[in-house]
There are 2 protein chains.
Amino acid sequence: MSGTRSFDTCASIVTPGKTPPHISALLEGWAGRYKILRNGARQITALYLPGDFIDLHSFLPTKTDDGVIAFSGCKTAQVSHESLQQITETEPRLTRLLWRSTLAAAATHREWLTIMGQMSAGAGTAHLICELYTRLKAVRLADNHRFCCPITQLTLADTLGLSTVHLNRSIQALRAKNLIQWHRDKVTITDWDQLVDWGEFDPTYLQMNEPVG
Amino acid sequence: MSGTRSFDTCASIVTPGKTPPHISALLEGWAGRYKILRNGARQITALYLPGDFIDLHSFLPTKTDDGVIAFSGCKTAQVSHESLQQITETEPRLTRLLWRSTLAAAATHREWLTIMGQMSAGAGTAHLICELYTRLKAVRLADNHRFCCPITQLTLADTLGLSTVHLNRSIQALRAKNLIQWHRDKVTITDWDQLVDWGEFDPTYLQMNEPVG
DNA sequence: CGTCTGATTGATCGAATTCAACCTCCGTGG
DNA sequence: CCACGGAGGTTGAATTCGATCAATCAGACG
């Protein structure tokens with residue numbers, strides 16, 4: 001263990017190309033993994049919410065050229081690679097639990113691939129909103145179909161592979177259908193069932209509330 | 001262990017929604033994980049080549065509603081969940097190795113997200129060709145910038161989130177630039193450097209030739 | 001107040017889809 | 001040995017979705 005660390009909005013949590021000497025879990029705030037292309041385009045490949053592991057990759061000798069950025073003020077807890085290595089030596093149950101969290105992340109990646117490859121902008125937006133609400137609710141940061149979304153439309157657009165303009169219009173279409181309200185950073189889902197239906201959202205892939213093997 | 005199993009082209013290796021009682025590795029042939037939407041659209045979320053683990057997910061209590069299909073004649077080797085469980089109890093090194101292979105899969109997912117979200121159809125196609133060649137070469141199934149690609153353009157299109165027509169035109173554009181040749185199922189990369197450049201391909205994410213931790 | 005960031009709107013452009021046809025190769029059966 | 005049929009690949013034309021460019025607007029904050 002090596003305590004906690006705080007990051008301001010837009011601060012870099014993991015610098016692209018560098019492998020940190022520890023893994024971290026997000027305690028507060030929203031963060032995201034991203035990759036930048038030559039032309040400057042940015043793809044967000046993962047959104048991290050409180051409770052998520054950020055860097056479970058790094059303790060195995062995996063190399064990545066992507067980075068992690070804080071989308072709001074963030075706090076993380078670090079665990080050194082040595083400690084984690086120790087856990088894998090002596091705690092098979094816990095190891096499987098950690099492994100399982102990386103599998104859930106991969107399942108989310110596959111879901112996003114499906115969104116980006118096959119769904120319309122509007123349906124994909126609906127799906128992502130459902131996912132965020134479900135994940136936040138699981139860690140008691142949302143309830144009553146309301147949550148606080150501290151990230152900008154630009155970030156969301158880079159997540160869904162859309163332009164800000166088009167994402168904005170997708171959101172407005174959802175508003176026009178009375179599925180959601182979105183004011184400042186407060187999102188309210190006014191018709192959960194329809195939003196789920198429109199986004200073809202099935203929370204199975206998030207692997208919540210499951211017993212540990 | 002429980003031996004090997006053979007599948008014809010188009011056979012279902014894992015039926016959507018079912019969790020098999022074992023995990024499998026692909027010994028021969030190409031296969032893929034997919035998800036179908038209500039409107040019938042299909043997204044391929046992973047391509048499995050010989051040597052790849054197909055189902056490492058399933059031995060941890062993870063649920064998925066996606067399936068795995070054989071794109072060509074395939075042969076798989078099965079390992080029961082019990083055996084694998086045993087490995088995680090007594091073989092931390094091997095456990096980390098297996099875990100690491102799931103992390104490499106996740107890294108590939110993130111790369112595909114970037115392709116689909118930010119790259120043009122042509123660049124994404126180039127990238128995928130580079131990835132396939134690199135992976136096949138690592139298992140001695142490709143060399144000299146040539147490989148055998150037993151899957152159809154429809155499958156490739158569903159992988160990249162494109163229509164067959166547009167994928168076809170992207171391929172032809174690569175041909176026109178003299179970057180590749182593609183006849184029947186034989187693909188020849190005639191200008192590797194340019195193809196890599198055009199697709200912004202960096203094989204780091206594939207995690208090959210790395211020491212095991 | 002000005003200024004800044006993020007959201008919104010309009011107009012135009014281009015990439016990718018869709019629909020429909022046609023071609024090419026190859027296996028099969030008469 | 002050749003006609004037939006089917007799967008996969010190729011092409012063209014019309015259309016649609018989403019991107020781009022450029023302004024404008026709304027609220028927060030010093």
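Amide H contacts of residue B:190 (H built 1.01 Å from N, in plane; Pro and chain starts excluded): B:180, B:181 sit under 5 Å, all sequence-distant by 5 or more or on other chains. The loop-placed trypsin sites (Lys or Arg not before Pro) in segment B:2-101, going by DSSP, that have at most 16 neighbouring Cβ atoms within 10 Å of their Cβ come out as B:18, B:38, B:63. Surface calculation, 1.4 Å probe, protein heavy atoms: residue B:151 sits at approximately 10 Å² accessible.
I'd like the accessible area for residue A:28, computed on protein heavy atoms only with a 1.4 Å probe and all protein chains in place. Round to 10 Å², please. Using a 1.4 Å probe on the heavy atoms, I get roughly 100 Å². Once the gyration tensor of the Cα atoms in segment B:120-206 is diagonalised, the equivalent ellipsoid follows with semi-axes of 18, 14, 13 Å, ordered largest first. Comparing A:122, A:136, A:204 along the charge dipole axis of segment A:120-206, the residue lying farthest to the positive side is A:136, per the Cβ-charge model.
A 1.4 Å probe, protein heavy atoms only, puts the accessible area of residue A:116 near 40 Å².
Under the simplified labelling scheme, the residue B:90-residue A:93 pair shows an inter-label distance of 2.0 nm, with each label point 7 Å from Cα along Cα→Cβ. Chain B against chain A buries an accessible area of about 5100 Å², both chains summed, 1.4 Å probe radius.
The phi-based Karplus calculation (6.51 cos²θ - 1.76 cosθ + 1.60; θ = phi - 60°) puts the 3J(HN,Hα) values of segment A:8-21 at 7, 3, 6, 6, 8, 8, 10, 7, x, x, 9, 9, x, x Hz, whole numbers, x for Gly and Pro.
Spatial offset of segment A:130-195 relative to segment A:24-42 amounts to 19 Å, using the alpha carbon center of each. For segment B:28-56, a drop of 50 Å² or more in accessible area on going from the chain alone to the assembled protein chains (1.4 Å probe) is found at B:35, B:37, B:38, B:43. Between identical copies, the spacing of residue B:208 label points, each set 7 Å from Cα toward the C-beta atom, reads 4.0 nm from nearest to farthest.
Of B:36, B:171, the order by accessible heavy-atom surface (1.4 Å probe, DNA, RNA and ligands excluded), from most exposed downward, is B:36, B:171. For chain B, the solvent-accessible area with a 1.4 angstrom probe is 44 square angstrom per residue.
Based on the Cβ-Cβ distance from residue B:101 to residue A:188, what FRET efficiency comes out when R0 is 35 Å, to the nearest 0.05? For residue B:101 and residue A:188, the calculated efficiency is 0.25.
Using only Cα atoms and rounding to the nearest 10 degrees, what angle (0 to 90) does helix A:92-118 make with the longest principal axis of chain A? It is inclined by approximately 30 degrees.
Mean residue ellipticity at 222 nm, helices only, chain A: -12500 deg cm²/dmol; runs of at least 4 DSSP H residues each add -39,500 (n - 2.57), and the sum is divided by the number of residues.
Pop out the carbon and sulfur fraction of the accessible area of segment A:120-206 as a percent, whole number, probe 1.4 Å. Of the solvent-accessible surface of segment A:120-206, carbon and sulfur hold 49 percent. The label point for residue A:6 and the one for residue A:37, both projected 7 Å from the Cα toward the Cβ, are 3.8 nm apart.
Dipole magnitude for segment A:114-213: about 420 debye, using +1 per Lys or Arg Cβ and -1 per Asp or Glu Cβ, origin at the Cα centre. The alpha-carbon atoms of chain A, seen along their principal axes, cover 54, 42, 30 angstrom, with the largest extent given first. Scaled to the globular estimate 2.2 N^0.38 Å, the Cα spread of the protein assembly as shown, given as radius of gyration, is 0.96. Dividing the Cα radius of gyration of segment B:4-90 by 2.2 N^0.38 Å, with N the residue count, gives 1.08.
Note on chain B: with charges restricted to the Cβ of Lys and Arg (+1) and Asp and Glu (-1), its dipole about the Cα centre is near 420 debye. Say the dipole of chain A comes from +1 at the beta carbon of Lys and Arg and -1 at that of Asp and Glu; which of A:21, A:32, A:162 then lies farthest toward its positive end? It is A:162.
The values are calculated or read from the model by the stated rules, or taken from the named source; none is laboratory data. From a predicted model like this one, the values you see are computed outputs, not experimental measurements. When we count neighbours, we look across all protein chains shown, and the Cβ atoms used for this are built from the backbone with ideal geometry, even at glycine. For accessibility, only protein heavy atoms count, side chains too; no ligands or nucleic acids. Shrake-Rupley method; radii C 1.70, N 1.55, O 1.52, S 1.80 Å.
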